[in-house]
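Take a look at the structure set out below.
No lab work stands behind these numbers, since they all come straight from the coordinates. Just so it is clear, the model here is predicted, and its values are computed rather than measured. In this analysis, Cβ positions are derived from the backbone assuming ideal geometry, glycine residues included, and neighbour counts consider all displayed protein chains.
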Amino acid sequence: MPSENRNRSSVTLEDRIKAVTMCQLGKSFAAIGRELNRSKSCIKRIIDRYNETNSYIYRPRPGRPEYLLRRMIEI
């Protein structure tokens, strides 16, 4: 089943770090979004996630672990 967010490109770690740093320097979400070519809602999600976890790395996604998927294909 194809992903619903197929048109959405993932945000790189470098862009997440830039967004958080720019926010800490006092730039608005809209200004950061223009500079990084992202929507302000995307920037807000990045900043909210950083404030919640104090980490730039995304949380693990739910679902079957990849190693189990590979094992099932081999069988």
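Data overview
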| item | result |
| --- | --- |
| Positive-end extreme of charge dipole, the stretch 13-69 - chosen from 56, 21, 33 (charges on Cβ) | 33 |
| Whole-Hz couplings from phi, Karplus 6.51/-1.76/1.60, listed for the stretch 47-59; x for Gly and Pro | 5, 4, 5, 5, 5, 6, 9, 6, 9, 7, 7, 5, 6 |
| Förster radius 35 Å - calculated FRET efficiency between residue 52 and residue 31 (Cβ-Cβ, nearest 0.05) | 0.95 |
| Extended-chain gain in nm, criterion 0.36 nm per residue less alpha-carbon gap, residue 18 and residue 40 | 6.5 nm |
| Total charge dipole magnitude, the stretch 13-69, about the Cα centre, Cβ charges on Lys, Arg, Asp, Glu only, Debye to nearest 20 | 180 |
